[in-house]
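Have a look at the structure below before the remarks.
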Amino acid sequence: MKRALIIRHVPSEGIAGFREPVEAAGYEPDRIDISDPDFARVNFNAPELLILMGGPMGVYEREAHPWIDCEIDRLASRISLGLPTLGVCLGAQMIAAAMGAKVYSGPSKEVGFAPVTLHANAADSPLRQVEGVPMLHWHGDSIPLPEGVELLASTDAYANQAFRRGPELLALQFHAEMGEDPRFEQWLEDSDDYVGQAGITVPELRAQHGRHGPGAVAAGRAMIAEWLRGL
C-alpha cells in the first residue's frame with residue numbers, strides 16, 4: 001500500500017475529512033507531529049504522498065519556531081522532484097515559502113464559511129468540486145504566488161486562495177477538510193479575539209459550522225478524491 005505522510009503542526013489540525021478520500025485512493029495514512037523528536041529526521045521524499053496541515057503559527061515566525069526552516073528545506077527538495085504534495089492553510093504557506101515566496105501577515109483576518117471564486121483555468125481542476133460551496137476560512141496571512149504555479153481560486157479578502165503546479169502539487173488556503181470534525185470546538189476555545197477581528201462572533205461561527213459544515217466537507221472530499229485520481 002502507498003504511504004501518505006501527514007505533517008501535523010498542532011494536534012487540533014489533522015487530516016480530518018480528507019482521510020476518507022486518501023484511504024479510498026489506496027494510501028495508508030501515517031502522521032508525525034512537529035513536536036515529535038523524530039520530526040527533524042523525517043525524509044520528506046520517501047512517502048508517495050505528503051500532506052501538510054494547518055497551524056496558528058506564521059511561516060515568518062522562524063525564531064520562535066526553529067523547526068520551520070528545517071521543514072521548508074525538506075519540502076523544497078520534495079517539490080523540486082515533482083512528488084505529490086498537498087498543503088492546507090499553513091501547509092499551503094509552507095509550500096509557497098519552499099518555492100521562494102515570502103509569506104507575510106495579511107491586512108485582516110478571514111474567518112467563517114464563504115465560497116471561493118474560481119478562475120477560468122480552474123474549470124478543469126479538482127477545485128470545481130467546491131464551486132459555490134461555503135468553505136471554512138481561518139487565517140490572517142497572505143500567500144504571494146510562487147513562480148510557475150497556476151492561481152485557481154480567490155476571495156475578496158485574499159486573492160491567492162488556491163494554486164497548483166501540474167497535477168502533483170495543490171495548495172489550499174481554506175480548510176476544505178473541516179466541517180464535521182469535533183476538533184473544531186478546540187479551534188473555538190479562547191478564539192473570541194481572533195474571530196472578532198474578522199467581524200464575527202464565536203456563536204455565529206459555531207452556527208455557520210452547523211449549517212454549512214456537512215456540505216463543505218463533502219465538497220472537500222470530492223475535490224481531494226479527484227486530485228488524487230489525477231496523480
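The values are calculated or read from the model by the stated rules, or taken from the named source; none is laboratory data. For clarity, every value in this text was computed on a predicted model and none was experimentally measured. Cβ: placed from backbone, ideal geometry, glycine included. Neighbour counts: every protein chain shown. Please note that ligands, DNA and RNA were not included when accessible areas were found on the heavy atoms of the full protein model with its side chains. Shrake-Rupley method; radii C 1.70, N 1.55, O 1.52, S 1.80 Å.
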Practice problem: Express in Å², to the nearest 10, the accessible area of Ser80 obtained by rolling a 1.4 Å probe over the protein heavy atoms while all chains stay in place. | Solution: 90
Practice problem: Please report the Cα spread of the chain along all three principal axes, rounded to whole Å, starting with the longest. | Solution: 42, 40, 32
Quiz item: Counting pairs of alpha carbon atoms under 8 Å apart in space and at least six apart in sequence, what relative contact order in percent does the stretch 135-190 give?
Solution: 31
Quiz prompt | Coil-residue GluC sites (Glu not before Pro) of the stretch 1-73, DSSP, other Cβ within 10 Å capped at 10 | solution = Glu63
Quiz item: Among the DSSP beta bridges whose two residues both lie in the chain, what percent are antiparallel, rounded to the nearest 5?
Solution: 50
Quiz item: Of all the accessible heavy-atom surface of the chain, with the other protein chains kept in place and a 1.4 Å probe, what percent is carbon and sulfur?
Solution: 49
Quiz item: Using 0.36 nm per residue, how much length does the chain from Tyr104 to Asp73 gain when fully extended, once their Cα-Cα distance is taken away?
Solution: 9.3 nm
Self-check item: For a label point 7 Å along the Cα-to-beta-carbon line of Arg229, residues of the stretch 109-131 with backbone N under 18 Å
Solution: 122-131
Quiz item: For the stretch 1-48, what does the alpha-carbon gyration tensor say about shape, rounded, prolate or oblate, given a ≥ b ≥ c as the root eigenvalues, a/c under 1.5 as rounded, and a/b over b/c as prolate?
Solution: oblate
Exercise. Could you pull out the longest piece of the chain with no exposed loop trypsin sites (Lys or Arg not before Pro) in it, calling a site exposed if DSSP puts it outside H, G, I, E, B and it has at most 16 other Cβ atoms within 10 Å?
Key: 103-182
Quiz item: Roughly how much of Leu231 is accessible, in Å² to the nearest 10, using a 1.4 Å probe?
Solution: 80
Exercise. Could you calculate the FRET efficiency of Ala159 with Gln186 from 1/(1 + (r/R0)^6), where r is the beta carbon distance between them and R0 is 30 Å, rounded to 0.05?
Key: 0.55
Quiz item: Accessible area per residue of the chain at 1.4 Å probe, in Å²?
Solution: 42
Practice problem: Report Asp181's accessible area, 1.4 Å probe, all protein chains in place, as a number in Å² to the nearest 10. | Solution: 30
Quiz item: In a solvent-free Debye calculation with one equal scatterer on each Cα, what is log10 I(q)/I(0) for the stretch 57-115 at q = 0.13, 0.17, 0.28 Å⁻¹, listed in the order of the q values?
Solution: -0.38, -0.61, -1.23
